[in-house]
Structure formats: structure tokens, C-alpha cells
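Remarks on the structure that follows.
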Amino acid sequence: MLARALYRIRWHRSSILVRNNHMQTSRPSSGRTASFGFRTVPEEDKEFLVKGVFDSIVSTYDQMNDTLSFGVHRLWRDTFVDSLKPGRKGPLRCIDVAGGTGSIALRILDHAREKYADRETSVEIVDINAQMLAEGQKRFKKTMYHYTPQVSFHEANAQELPSSQFKDNTYDLYTIAFGVRYCTSIPAVLKEAHRVLKPGATFACLEFSKVGNPLLSALYDQYSFNVIPFLGAILAGDRDSYQYFVESIRTFPSQPEFAQMIRDAGFVTGGNHDGGAWTELWGGVASIHTGVKIM
């Protein structure tokens, strides 16, 4: 409750300062701005505000994902990991970023073990939010991977992974699911992903995207802007956080734009179309983006 109250204060504070078009904070201003939903805020404040959102909803995160997506997000995560086939060519060293609750990491380890009898693939779970990591650790205590070298948890910023811990040319697979849109600088995240991956390794991102079909897009907008915040208020007591989630989806780059950002970071992708650089799920409600580090 305290975290939620603090978040609402921060949200209100940000709105007032943005409307006044000058923001005075204890942190030095870079002069750059970032989107926080439909708001524009100083770049150095976005991380602070996003952390407030996740502190507010961490205890209901998985339950609300199930409710708001009717469980479909689980199918998308399954499809995401299945498409990567971890373990098929032997054990992998993986890094799952913004993966605090461990949902992708657990799927990677299960897929490698169940499909390819691989008990050596490992996943380092990285998240900026300590509370989300605590939820993931709690989940893994119920699995066979607890207290094994196959999984570890690290609190770190995707934009600035400590080079002493996350060394250059280290990982075979980098995954990030429904997390990159919350980051202040997407190019910085992609640059770090490229740095820590080995040559020949894969970057893979699952994220909400743009719906191409006009009818589906209209229905999706109605559900997103009218139903999701309402359910957030009723079921989680937090309309503002779920309003922000919807807005963050709409401000995320389109599939071709994000694919170009991946290429700009140094990755090689497929063609600039569905089935090439990305694969659309449910008509583009979500998409899987992949790129390969060549050198």
C-alpha cells in the first residue's frame, strides 16, 4: 500500500511539472525527454516512475496478466520460447532481461530439459526491480532448478549492465519479454544486448506491437482503453498503473521501426516484414523480434 501511495504521488508530481513545462528534481537534468505513457517526462525521471508502477503491482502481476489477457500471454510466452528451441544445439548460456518473475527463464530451462534432455543450459535473470526478482526467486523455490547453477538472479539496469559482471561476448541467447518498452532508452538496451552476446548469438524480444487490421485494431483499442484500466481499478485497486501499461503499448515503435532499431544496434535480421525480422502473434497484438550478432 505504501509503494502504491508513493507511486500515485510521483505520478501526480510528474503531471504537474510536465504541464508547467519545467521540472525541478534532485537529479541533474540531461535536457533529454522520454515517453511515460502519453506523457513526456525528463529522461532521468522515467526510470523512477516506472519503478513506482511495478512496486505498485508486483503482488498481483501474474494474476492480472492472466485476467486481462484471458491467459493468452502464457501462450505467447510458450510460442516465444518454442521458436528459439533452447537446447537443440547443445547447452546455452542465456540472459533473460526484465525477467524478474522468471516466467521466460523457467520455460527456457523446461524446454531444454524436456525436448533435448539438456540439464546444462543456464539462465541469468536480470531485472531492475528487486521486488520482481523476489517474486521470481519465490517461484523457483518450487522447481527442480532451485539452488542449482542453472538459474541466478541479478538486480541491474538493462541499459547499463555492469561490464564487470556481464562481460562482452558471453551469452548465447538474450531474451526480453514485455519489458523493453518500459526502458528509458531502447537503443541503449539494444546496444548492451549486442555487447554481451557472443558472435553468432541471438537476440530475441517478445513485445506488444501494432495491429494492422482496422477492425481488430478498433476492437483492441476499445478493450485496452476502456476495460483494462477499469479492471485494474476493480481487481488490483490501481487504475493508474494499468492505464500506463496501455499507453506504453501505444507509444512503442511499430514492427518495422523496432526492427530497424535492432539493426542499428548491429544485429542482422530477416526481411522487414512479418515472417522475416519479426513474427506477429494475434494479428500484431504482440510480435517476436529476433536478430543475430555477426561480429
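Every number in this text was worked out from the coordinates using simple rules, so none of it is lab data. All figures in this text were calculated on a predicted structure; none of them were measured in a lab. All Cβ positions, glycine included, derive from the backbone under ideal geometry; neighbour counts span all protein chains shown.
Quick notes on this one:
- Too-long pairs where the Cα-Cα distance tops 25 Å, listed order kept, from Lys89/Lys142; Lys89/Lys138; Lys51/Lys138; Lys89/Lys141: Lys89/Lys142; Lys89/Lys138; Lys89/Lys141
- What you get for the chain, charging only the Cβ of Lys and Arg (+1) and of Asp and Glu (-1), is a dipole of about 240 debye around the Cα centre.
- Computed over neighbours whose Cβ is under 12 Å from that of Glu120, the net charge equals +1, Lys and Arg +1, Asp and Glu -1.
- Separation of the Phe225 and Phe48 label points, Cα + 7 Å toward Cβ, nm: 3.0
- Sequence-distant residues sharing a close amide H with Val123 (under 5 Å, placed H): Cys94, Val151, Ser152
- The helix-only estimate of mean residue ellipticity at 222 nm for the chain, built from DSSP H runs of length n ≥ 4 each weighted as -39500 (n - 2.57), is -13500 deg cm²/dmol after division by the residue total.
- Of the DSSP H helices in the chain, those whose Cα atoms cover at least 24 Å axially and whose Kyte score averages -0.5 or more: 2-19
- Loop-located trypsin sites (Lys or Arg not before Pro) across segment 105-198 with a Cβ neighbour count of 11 or fewer within 10 Å are Lys141, Lys142, with loop assigned by DSSP.
- Shape category assigned to segment 79-207 from the gyration tensor of Cα positions, a/c cut at 1.5: oblate
- Shape call, segment 145-295: gyration tensor on alpha carbons, a/c limit 1.5: oblate
- Using a cutoff of 8 angstrom between alpha carbon atoms and counting only pairs six or more residues apart, the relative contact order for the chain works out to 17 percent.
- Measuring r between the beta carbons of Arg239 and Lys142 and using R0 = 22 Å, the FRET efficiency lands at 0.10.
- Overall, the anisotropy analysis places the chain in the rounded class: the square-rooted eigenvalues a ≥ b ≥ c of its C-alpha gyration tensor yield a/c less than 1.5.
- Signed unit charges on C-beta, dipole axis of the chain, positive-most listed residue Leu219, Val50, Phe203: Val50
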